[in-house]
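Everything on this sheet refers to the single structure shown next.
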Amino acid sequence: MRLKDKVAIVTGAAGGIGKGIVTRLAEEGAAVVLADLDEKGAQTVAEEVQKLGRRALVVRTDVSNPDSVTEMVERTLAWAGQIDILVNNAGVELIRPVFEISEADWDKTLDINLKGAWLCSQAVARHMAQWGTGGKIINIGSIMSEMPAPGEPHYAASKGGILMLTKALALDLAPYSINVNAIGPGVIKNGLSSKGCLSDPVTAEKIRAGIPLRRFGSPRDIGHAVVFLASDEADYITGVILYVDGGVILASPWSS
């Protein structure tokens, strides 16, 4: 119950990593706002939260739209009266051969993955700063915040941007006792990876063999890290990216 009486917003909460984050926050006592374009999926997750005895609110949200983000914040405040934790998890991953990446692909990826995190952070931090009670903002980056993969320059750019956005916001918001950190997931089963590199069994096994811990991550692995960064235990941590990747970012050609 490290998050008892806390209120958290999680974007991209309808499934995959988002579901893992939401359920872990609820298990630790938080009330959770599930912000997603997929209302039906978010409602299913919200029902699981309620079975844990926690409050849950579903808000249909397009994180790339400032008006939608404003509505998300206003509905949260009307429902709970406070926001203690924001998890910027909403994201898309469109894998394309480099010469087939369209301007629309680029814009969609950057708008959701990077601009969305900025819009939500600014809107929530404005209230946190006014209240003077601090808060926790946690951005979901990727191992591609530092190490790109073929066919994803737009995704890598968005997640590299998350790394620097996290550091910049940590500096700007430190005077208000708002901690800003990021998590860099590795290859997560039942996350975006399952629709991409893990969709082919042969490729998936090759990738698994190259992970030092020899297994894929789970959404709950990410949820555990979010709980830590959202808790009082992380009050003196800001501006860092915590890689939850089984050691992938350390891997070398001779480590397998």
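The values are calculated or read from the model by the stated rules, or taken from the named source; none is laboratory data. What you are looking at is a predicted structure, and each value in this text was computed from that prediction instead of being measured. Because the Cβ atoms are built from the backbone with ideal geometry, glycine has one as well, and the counts that use them run over all protein chains shown.
Has region 241-253 got at least one residue that is of a type in the set (Asp, Glu), more than 16 Å from Asn139 (Cβ to Cβ) and either in contact with a strand residue (DSSP E or B) (Cβ under 7 Å, 6 or more places away or on another chain) or at pLDDT below 90 (or both)? So far as region 241-253 goes, no, none of its residues is of a type in the set (Asp, Glu), more than 16 Å from Asn139 (Cβ to Cβ) and either in contact with a strand residue (DSSP E or B) (Cβ under 7 Å, 6 or more places away or on another chain) or at pLDDT below 90 (or both).
If a residue must be acidic (Asp, Glu) and surrounded by fewer than 17 Cβ atoms within 10 Å (Cβ to Cβ), how many such residues does region 72-113 contain? Qualifying residue count for the region: 5. Quick test of your reading of the structure: Gly15 fulfils all but one of (1) at pLDDT 95 or above; (2) within 14 Å of Arg220 (Cβ to Cβ); (3) within 18 Å of the chain's Cα centre (by Cα). Name the failing condition by number. Failing condition for Gly15: (1). Return yes when Ile162 is in contact (Cβ under 8 Å) with a residue 12 or more places away in the chain, surrounded by 15 or more Cβ atoms within 10 Å (Cβ to Cβ) and more than 28 Å from Trp106 (Cβ to Cβ) and no when it is not. No: the conditions fail for Ile162. If the condition is being farther than 28 Å from Val22 by Cβ and either part of a loop (DSSP other than H, G, I, E, B) or in contact with a Leu (Cβ under 9 Å, 6 or more places away or on another chain) (or both), then region 200-213 contributes Asp200, Gly210, Pro212. Scanning region 204-240 for residues that are of a type in the set (Lys, Arg) and at pLDDT below 95 yields Lys206, Arg208, Arg214, Arg215. Within region 157-203, the set of residues being under 21 Å from Leu242 (Cβ atoms), of a type in the set (A, V, I, L, M, F, W, C) and at pLDDT below 95 comprises Val187, Ile188, Leu192.
Anything in region 103-162 that is of a type in the set (D, E, K, R), over 16 Å from Ile178 (Cα atoms) and assigned to a helix (DSSP H, G or I)? List them, or say none. Correct list: Glu103, Asp105, Asp107, Lys108, Asp111, Lys115, Lys159.
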